Structure formats: C-alpha cells, structure tokens
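Heads up, the thing below is written out as structure tokens.
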Amino acid sequence: MISPETRVQIRRYFFAEHWKIGTIAQALDVHPDTVRRAIEVERFQHAEPLRPSMVDPYLPFVRQVLEQHPRLRATRLYHMIRDRGYTGSVEQLRRVVARLRPQPREAFLRLQVFPAEQAQVDWAYFGSVMVGRAKRQLSCFVITLSWSRVLYLEFFFDQTTENFLRGHVRAFQDWSGAPRVILYDNLRSAVLERRGDQIHFNPRLLELAAHYHFVPRPCQVRAGNQKGRVERAIRYVRDSFWAGRVFTTLADCNRQALLWRDEVAHQRRWPDDSARSVAQAFAEEQPRLLPLPLHPFNTDRMEEVRSRKTIYVHFDLNDYSIPPEAVGRPLTLVASDTDVRILDGVTEIARHHRSYDRQQSVLDPAHEQALLRTKRKALNQTRAGRLALAVPESEDLLERAFAQGESAASQTAQLLRLLDLYGRFAPRRAGSPGAEHAARLLGRLPVAPKSPLFAPAGAGSQPPSGGSGPRGPSPRSGDLR
C-alpha cells in the first residue's frame, strides 16, 4: 500500500505532467503496478470502448485474435480488419488494442529456504562523490541471509572484483560463518560469460568459494525475482539509511551504516514471525553457518609495476615512492583498500597509505633522502662536483672567469690544485676573478703534501712544514675564511 500523498503525486505526474508509468515508478521508487493502480488504469481495460468509434463492429474479432495471439502487433491487426472493411486509422486501432490486449501476470511461489542455506548478493550504486580532485563512484556491497534476513553492507569507491571479494570476506567475519549457497545477478565480478546454462564464473570468485566452501549460483537472465530479498534489502538501505544521511569520509559512512544495521535493520520484525526480530532469528541461524577457515581469503590487488626514471610508480590515479635503487627494476604492487605495498621479489621495499585523490605524489621522506645522498655521492665523483662541494663560492668565481674569456676546465684544475694545497678556501673580495688571482692571494705556495680536503678556515694558510716560506704579500684580512 502507498500513502495518500504518494498517490496524489503519482496521479499529478501522470495526468498533469504526462509522465510515463515507468518514469513515475523510477522517480518515486515504486513498482509500475503500483502506479497503474494509483491512476486506475484497470478501468480502461474493460471490453467496451469508452465511446462509439469505427472500431466497434470489429471488437469481437480483435478480442478473439488477441486471446489467441496476445503479442500480435496492432499494425498487423490493422491490415486484418482493413481487409474486412475497416476504414478508420491505425492510431485509433492502437488505442483500442492497448486497452484490450491481455496483460498476463506471472505467478511466483514463495521462496522457502533452510537456515544458513542461502545468501543473496548485489551491488547498489549511490552516485558519485569528490575525494580531493578525484570523482569517485560510490557503491554499496549488500549481502543478506535469505532465512533470517540479517544483512551486511559496506560502501566502496568502485565495484572492482577486489572490493566485491572484500565485501564477502568481511561479511563472513561479521557473521562468524558462511552460507552454503550464494545467489548472484549476472554481474561481471561473478559471471564472465554465459551461454544458456553454461556459465564461466570469475576465477577469483571460484577461489573465494573454494576457500569458504560455498557454492556460487547465478540467477537466470532477467529474473530479478530470484534474488528478491537482496533487492528489497537494497531498497530498505536507500529509504531507511541513505535518505538524508550526511558523512565526512568513507570510514564515517561505513561506521554509520553498521550502526544503523545493528540498531534499526536488525531490530525490525522478522517477516516469518512477527513475534521475533531479525536479530533473534539470526541468533538461531548463526550456529548452522559453515565454520570459517583459519585464515581469511586474500583480497589484495596485485599488479606488475616499473619506474623508468623517477622514484615513483603509478597506481590508481596517484604516484607512490620507492627507494632509488629500485628504479628500473620490475616490481610487484600489492594494494588493499587502505594500504599500498611495493615488493621487490618477496621483499617489501615500500609501504604507503592509499590515496583516493588524484595526481598525488605519496612520498616516503626516507626515499627522498636516499636519492639526495646518491646525488651528492655522484656529484663528488666529478672534478667540478668535488670543487663545488668543497668550495661552494668557486661557482661564482668560475662564472666570472668564464665571462672574461678564461677556460672553465683550466680554471677548475687550478682551483683543485689550490684545494689540495690549502684545503677549503673562500675568496670573497678578490678584485679579479680566476684561479690565478686566488693563488696570488694564497701566497703562490709551491706544491706540498695535501692538506685535509675540508680543513677549517685558515688551516691551509700557512706553508706545510719543510717547505719554503711565502714569496709575496700575505693574504689580507677578509680574503680567506
């Protein structure tokens, strides 16, 4: 039964706005037959027309043909009665045929199942949400036990096979058992292909079934009544839980969903016995469920990845860092709904929290520091890099010398010789650029045993022991550190 308000709305959409019956049923989430009853369409399905028309003499013939061939098209009937003298239009005949055509209704037996025998599973789409800059499709995994009507629901950002399997595993853990048979619609996560009664199941679903010892069973094509209990459960979730619900994160949404399930859905009256609740019926059913194996089924997603140049690998719209030594090697990425792990063989080399945003670089600071250490080490292997690390001020000295026509390679060699003689130095107020001027400031010392590469300021300003004294002016104050 529908409320008087809904009936008023149905009749307004049909008679005032001229909506089709299917459109009204979808907009108000009611069955098309409910819409037909509300607009009293049955009063148009009587034998006699509402007013005299040119079809009247042919009505007995039209009824007789439709009783024998209920799906015969109105255009074929038009040619048949035209040959018998009908002179009206095909549109007029169509209106009459629509009223007279039999509307067969299929009858169904009520599903009778034993406790713990069967469950039904389906996805429900709940629109899209924005996670940062990423638009994610929000879907709800729903599974219900056919006998007690107890249910498990969980929201995910997509309908991938991994989330489909993950919903099963968490439902079984929540129930502390598994049913013997599970019914599925012909969704891709369950059925890859079917030809008549021959079915190719998703291999991952078969692995799950073997692990928990249940039998997957798909419904017939276009036979939604075979899994009507999960269909009603989804409608119940939409009407009782989702309507007007506000949440901040996916975890908050799932927390509220399970709280609603325990406090509302499982406390409703059990359809088979109004004296008991669904929770009480499940308490009777739960001991008959199949016991769970020692370890849960692994639902992580695994795929091969490789980073060609950077310390990042790409997965699901985002980049995740790896150690620099793993760049260029084939790696294995293992993703759960919360974590992303990267394996080199069987060794875990990186672990990150999974991001559902897009174009994010999820970085482990240790990977960045290792890359910087590698870069500094590589820089120290070159002549210019060694000089730049020891005497950063030499960069400016070389640039000014190069601008005046000096050879950068020659200048670098001479400055490295001074570095070996005197250790670290830093000319600040040299009047002329270049290694020659730096040598003059340092006293033009002859080659001597090397001083420490990173000697303190002034440690290299005195001649090595055993060498001759300086010939020339001493460095002025402020020319050396």
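The values are calculated or read from the model by the stated rules, or taken from the named source; none is laboratory data. The model shown is predicted, which means the values in this text are computed figures rather than measured ones. FYI the Cβ positions are ideal-geometry reconstructions off the backbone, even for glycines, and counts take in every protein chain you see. Heavy atoms of the whole protein, side chains included, go into the accessibility calculation; ligands, DNA and RNA do not. Shrake-Rupley method; radii C 1.70, N 1.55, O 1.52, S 1.80 Å.
State whether the residues of segment 197-214 include one that is open to solvent by less than 70 Å² (accessible area, probe 1.4 Å), of a type in the set (Ser, Thr, Tyr) and at pLDDT below 90. The answer is no; no qualifying residue exists. In segment 259-274, the residues that are touching a residue at least 12 places away in the same chain (Cβ under 8 Å) form Cβ pairs under 6 Å with partners that are surrounded by 11 or more Cβ atoms within 10 Å (Cβ to Cβ) and in a helix (DSSP H, G or I), at six or more places apart or across chains, as follows: Trp260/Phe241; His266/Val278; His266/Ala279; Trp270/Val278; Trp270/Ala281. Go through segment 315-353 and give me each residue that's in contact with a helix residue (DSSP H, G or I) (Cβ under 9 Å, 6 or more places away or on another chain), of a type in the set (Asp, Glu) and either buried (at least 18 other Cβ atoms within 10 Å of the Cβ) or closer than 28 Å to Gly132 by Cα (or both). Matches in segment 315-353: Asp337 only.
Here's the yes/no breakdown for (1) part of a loop (DSSP other than H, G, I, E, B); (2) under 30 Å from Leu343 (Cβ atoms); (3) open to solvent by less than 80 Å² (accessible area, probe 1.4 Å):
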residue	(1), (2), (3)
Phe247	yes, no, yes
Ala251	no, yes, yes
Asn254	no, yes, yes
Leu258	no, no, yes
His266	no, no, yes
Pro293	yes, yes, yes
Val313	no, yes, yes
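Within segment 147-156, is even one residue modelled with pLDDT under 95, among the β-branched types (Val, Ile, Thr) and touching a strand residue (DSSP E or B) at 6+ places or on another chain (Cβ under 9 Å)? No - not one qualifying residue is present in segment 147-156. Restricting attention to segment 111-127, does a residue exist that is closer than 30 Å to Leu290 by Cβ, open to solvent by 20 Å² or more (accessible area, probe 1.4 Å), touching an Asp or Glu at 6+ places or on another chain (Cβ under 6 Å) and part of a loop (DSSP other than H, G, I, E, B)? Looking through segment 111-127, at least one residue is closer than 30 Å to Leu290 by Cβ, open to solvent by 20 Å² or more (accessible area, probe 1.4 Å), touching an Asp or Glu at 6+ places or on another chain (Cβ under 6 Å) and part of a loop (DSSP other than H, G, I, E, B). Of all residues in segment 10-39, those satisfying the criterion of being farther than 15 Å from Asp239 by Cα, under 38 Å from the mean Cα position of the chain (by Cα) and open to solvent by 50 Å² or more (accessible area, probe 1.4 Å) are Trp19, Lys20, Thr23. Residues that are open to solvent by 90 Å² or more (accessible area, probe 1.4 Å) and within 56 Å of the chain's Cα centre (by Cα) do not occur anywhere in segment 55-64.
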